[in-house]
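Please read the structure below before turning to the comments.
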Amino acid sequence: MNRKTDIVVVGSGLAGMSAALTAAQSGKKVTLLTHGAGTLAISSGCIDVLGYLNGVRVADPFESMATLPAEHPYSLIGGAETVREAIDWLKSVCRKGGIDMAHAAEEGNHTLITVMGTLKPSYLCPDSFNPDCLKDVHRAAVVTVENMKDVHPGLIIDQLHRYAELSDKEFMEAVLPCPIEHAHRNITPLDIARHVETPEGMKWLEKSLMPYAKLYPVLLLPPICGMKHSQQIWNQLCSALKVKIIEMVSIPPGVAGLRMRDVLKKALNAAGVYMVESAEVVRAEVEEGRCKTVHTLTASGEDAWEADSFIIATGGLLSGGISTAPGKAWESIFQLSLDAPADTEAWSSPDIFGSSFFASMGVKVNHELKPLNGEGNVCLDNVRFAGRVLGGYDFAAEKSGNGVALATGRYAGMLAGKE
Amino acid sequence: MKRRINPDKCVACSTCVVQCPVAEVTSKFLGPRMLGPASERFRMLNAGEDDSLSYCANCKNCDISCPQGVEVSNINMLARAEYCRENRPSFRDWILAHGELEAKLVSYFPSFLVNFGMANPISKQILDMVGVSKKADLPKFASKQFPAMFKEYKQPENLTKRVVFYPGCFIKAYAPQTGMDLVWLLNKAGYKVEYPEVFCCCGTPLYTNGFEADARKNAVKNLEELAAWRKAGIPVLSLCPSCQLMFKSEIPAFFPDLAENMESTALDDAMEFILGCINRGELDISEADTSPLDIIYHAPCHLRAQGIGFPGLDILRLLPGVHAVNADAGCCGISGSYGFKKEKYDIGMAIGSKLFDTIKDSGIRQVATECGTCKVQIIHGTGNPCDHPLTILRRRLDKKTTK
Ligand SMILES: Cc1cc2nc3c(=O)[nH]c(=O)nc-3n(C[C@H](O)[C@H](O)[C@H](O)COP(=O)(O)OP(=O)(O)OC[C@H]3O[C@@H](n4cnc5c(N)ncnc54)[C@H](O)[C@@H]3O)c2cc1C
Ligand code: SF4
Ligand code: SF4
């Protein structure tokens, strides 16, 4: 089959969904092709904008953005102003979908608490993750649920006490009885969050937290406060128990990312985006520097998807946007070559938290997010790239993953929407 | 012959775990990542089978969400087939798997008797005792099954183009009118329809219930017939997403030796075909009824897994007066015969509740979906009318059908 639309977006991570929603909101007909559900589904749903610059923690990501190199995606799309606009837009989309996103009380990043007991800078998080209230209290309970193998209050407390700003706080361990009977697998925060979404689950959580709420003004929880109604549930628990609840950032499944993904997916459907899953784009037809169609592989052959313009948000190595062989790296759909060091050893760094080619390889683009060839000229005039597939930044070392995905996705959607 | 899918593409990211509808509603299920690729490594060592294998509904949402292209559901189904070689499936599973055979038997009796026999409280109790939930609404046998209906139907003479129809067992026994709606549309578009009676159940209910040998026998018969029509250059159309998926991707995965010599084992999608007819001007929809009609469409998981979009929804959206929205609320919970099983009924209903709520909240009465058992589940869960998109298309085009 051959189908035609105004804009085709490839990839349903935060970048692809932001691009598709933005373009659809500007009145375009948008088809979103995706093979896999994207990283947001398993991540924490907190928007890291910029946590570190050259290994040093930044105080205010927007101030520091001005000092980023010219090829950084943020610099390319216009810096702080463009990124702030994207953040405000995401906040409004989330609010409509029932999730309130919170900035830190003071300018700059939050210091989020993780279930590993580490602190992590992030710019925007759901209300329920906002740790500001911990500053004003001396005591807090660290809560887990029986059988939840990935969340150990003892470990969390030991780790938290290593941070100067938390070393004098009094933390107490609390283990809630597991509300799920006959579990055949390890219980994750997502299992409990889904249970808490039900009326009896909500009752269970309120009742089990009650004794700790009487003793401690702040309760640190894994992300278990419901799914679709997490905001309401969290509000209701805080007011009924007269405490502040802080959800901690969890390893996958991160729960809050899934909450956000569900909101975005609903918004996409409402905006008329035609989302096709199990649709792996394997190649494109390009004529004179313009993409005519992208082709998905189906069990009975190929389907062609025609559009005026294309936004490629296929993620990095793990998501399939980038392919590699020893000494070589390329973008997977258009086979754009990425400048890989010939010596594959040089791709990684001995410091696992340091910057590396593995984490930063990606497509070179201009200020309109159009790809550039070796000479620095636009090589595909109606194609834009967004999100982790872009080069010029290291999301892991900088802590800028969702920030870049959101801002470049939105920007690509805006530009394509205006054409 | 043991067939294995290499589990090593799995990077243990857990995306499938968060998208599996069964894992979402019950912790009795180990979940896709652990039951699929992770357990597969143990199976290779003959380390025994996990107790919750039967909980996998083969709905394919794991495969749909996996960024690495791991065929999780097929790993699970191959494991089930292997397990059932040593451990015979229950009588209940036999009944649910062999619907086609039962349909053949009951076709000798008047359907009202059969349906009364099935639906009365005593039979329901007996079915419940063998493990078919008495809370479920089992689909009702049609008073006349598709083969008989088709035989009696007079297609217009002088149709020069030809297509073949593969009905699948659901349409054959329970929803023959849907098949006849397709025949009517194809005739109107200028195609004469052939229905070769050798075509039998695609094998999905057989394989997923553990009857591998029976599924294989059917695959042999069906592929032979399909190959003959292929050779003659005549498209073979199917209305059912699960049959389509079985032919195009499960047969090659379950019985690779059978698929080996065929370039493609896929049936053609009847909705894509009709859409093509409309686009080519063969099927004129300008005369269609234009009275306003709101429709809420449910995409069956087995259609989503095919990655071809929603041609049925596309057709509805071409119709003047029709406003069709996509429910986009995930799995309906039935997964063929899964939701009829006594120990799975509540799981199926819990899974479907999101869809039921979405339909109810939309305020729209008319539901549309391609899959026969999704339809049964939607009617059971909402009480709303639910029809195949092509049935709705026919209704809008055929002046003789009274709505
Ligand atoms: C476990 C984990 C947790 C993280 N947590 C955070 C966090 O808390 N905060 C933060 O800011 N950042 C976080 N990050 C980083 C951040 O998630 C990523 O940088 C960001 O999500 C990238 O988004 P994306 O849309 O560009 O790519 P992805 O989310 O990777 O999406 C790419 C999409 O494209 C699809 N795709 C790929 N190839 C094709 C193809 N050929 N055809 C069709 N579809 C295709 C993929 O399946 C996928 O749907 C985390 C990363 C990981 C791995
Ligand atoms: S099967 Fe796929 S989605 Fe599931 S854990 Fe493995 S890689 Fe991730
Ligand atoms: S096929 Fe469906 S039920 Fe089975 S593991 Fe995959 S998502 Fe879960």
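Overview of results
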item	result
Pair list, Cβ < 7 Å and 6+ apart or interchain, from the stretch B:4-28 residues that are under 17 Å from A:VAL196 (Cα atoms) to residues that are of a type in the set (Lys, Arg) and not in a helix (DSSP H, G or I)	B:SER27/A:ARG185
Complete set of residues in the stretch A:173-205 that are hydroxyl-bearing (Ser, Thr, Tyr) and more than 28 Å from A:LEU160 (Cα to Cα)	A:THR198
Identity of the residue in the stretch B:263-287, assigned to a loop (DSSP other than H, G, I, E, B) and touching a strand residue (DSSP E or B) at 6+ places or on another chain (Cβ under 9 Å), that ends up most open to solvent (accessible area, probe 1.4 Å)	B:GLU282
Residue ID - nearest to ligand 2 (Cβ to nearest atom), chosen from residues in the stretch B:29-70 that are hydroxyl-bearing (Ser, Thr, Tyr) and more than 22 Å from B:LEU245 (Cβ to Cβ)	B:SER39
Residue among A:SER239, A:SER300, A:SER250, A:SER278 that is away from chain B (no Cβ under 14 Å) and either free of Cβ contacts under 8 Å to residues at least 24 places away in the same chain or of a type outside the set (Lys, Arg) (or both)	A:SER239
Residue ranges of helices (runs of 4 or more DSSP H) in the stretch B:20-101 with at least 1 members more than 29 Å from B:ALA173 (Cα to Cα)	B:21-25, B:39-44, B:61-65, B:72-86
Selection status of A:ILE187, of a type in the set (Val, Ile, Thr) and either away from every other protein chain (no Cβ under 14 Å) or surrounded by fewer than 17 Cβ atoms within 10 Å (Cβ to Cβ) (or both)	no
Unique match (being in the same structural domain as A:ALA86 (by TED's automatic domain parsing) and closer than 29 Å to A:MET260 by Cα) among A:ASN402, A:ASN377, A:ASN373, A:ASN382	A:ASN402
Residue identified as of a type in the set (Val, Ile, Thr) and under 30 Å from B:TYR55 (Cα atoms) among B:THR178, B:THR204	B:THR204
Failed condition for A:MET202, given (1) away from chain B (no Cβ under 14 Å); (2) within 30 Å of the chain's Cα centre (by Cα); (3) within 28 Å of A:THR111 (Cβ to Cβ)	(3)
Qualifying positions in the stretch B:177-215 - part of a helix (DSSP H, G or I) and more than 19 Å from B:GLN244 (Cβ to Cβ)	B:GLN177, B:MET180, B:TRP184, B:ASN187, B:LYS188, B:GLU212, B:ALA213, B:ASP214
Helices (runs of 4 or more DSSP H) (entirely within the stretch A:21-113) containing at least 3 residues that are surrounded by fewer than 16 Cβ atoms within 10 Å (Cβ to Cβ), of a type outside the set (A, V, I, L, M, F, W, C) and away from chain B (no Cβ under 14 Å)	A:80-96
Members of the stretch B:27-60 that are within 12 Å of another protein chain (Cβ to nearest Cβ) and within 8 Å of ligand 3 (Cβ to nearest atom)	B:PHE29, B:GLY31, B:PRO32, B:LEU35, B:TYR55, B:LYS60
Any hit, the stretch B:310-317, residues being of a type outside the set (Asp, Glu), assigned by TED's automatic domain parsing to the domain that holds B:ARG365 and assigned to a loop (DSSP other than H, G, I, E, B)	yes
Spans of helices (runs of 4 or more DSSP H) in the stretch B:325-397 with at least 3 residues within 14 Å of chain A (Cβ to nearest Cβ) and over 16 Å from the mean Cα position of the chain (by Cα)	B:345-362
Condition met for A:MET248 (over 30 Å from A:ILE7 (Cα atoms), surrounded by fewer than 20 Cβ atoms within 10 Å (Cβ to Cβ) and modelled with pLDDT of 95 or more)	no
Selection count, the stretch A:313-360, where residues are open to solvent by 80 Å² or more (accessible area, probe 1.4 Å) and either part of a loop (DSSP other than H, G, I, E, B) or in contact (Cβ under 8 Å) with a residue 60 or more places away in the chain (or both)	10
In the stretch B:1-19, the residues that are within 11 Å of chain A (Cβ to nearest Cβ), open to solvent by less than 30 Å² (accessible area, probe 1.4 Å) and not small (Gly, Ala, Ser)	B:THR15, B:CYS16, B:VAL18
Any chance B:ASP63 is within 10 Å of chain A (Cβ to nearest Cβ), more than 19 Å from B:SER337 (Cβ to Cβ) and at pLDDT below 95	no
Residue list for the stretch B:200-257, restricted to those being farther than 15 Å from B:ASP269 by Cβ, open to solvent by 20 Å² or more (accessible area, probe 1.4 Å) and within 14 Å of another protein chain (Cβ to nearest Cβ)	B:ARG230, B:PRO252, B:PRO256
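Residue-by-condition table, conditions (1) among the small types (Gly, Ala, Ser); (2) closer than 29 Å to A:GLN232 by Cβ; (3) touching a Ser or Thr at 6+ places or on another chain (Cβ under 8 Å):
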site: A:LEU53; (1), (2), (3): no, no, yes
site: A:GLU63; (1), (2), (3): no, no, no
site: A:LEU68; (1), (2), (3): no, no, yes
site: A:LEU76; (1), (2), (3): no, no, no
site: A:GLU81; (1), (2), (3): no, no, no
site: A:THR114; (1), (2), (3): no, yes, yes
site: A:LEU134; (1), (2), (3): no, yes, no
site: A:VAL142; (1), (2), (3): no, yes, no
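The values are calculated or read from the model by the stated rules, or taken from the named source; none is laboratory data. Here the structure is a predicted model, which means the values were calculated and not measured. Virtual Cβ from ideal backbone geometry, glycine too; neighbours counted across all protein chains shown. These area figures cover heavy atoms from the full protein model, side chains too; ligands, DNA and RNA do not enter into them. Shrake-Rupley method; radii C 1.70, N 1.55, O 1.52, S 1.80 Å.
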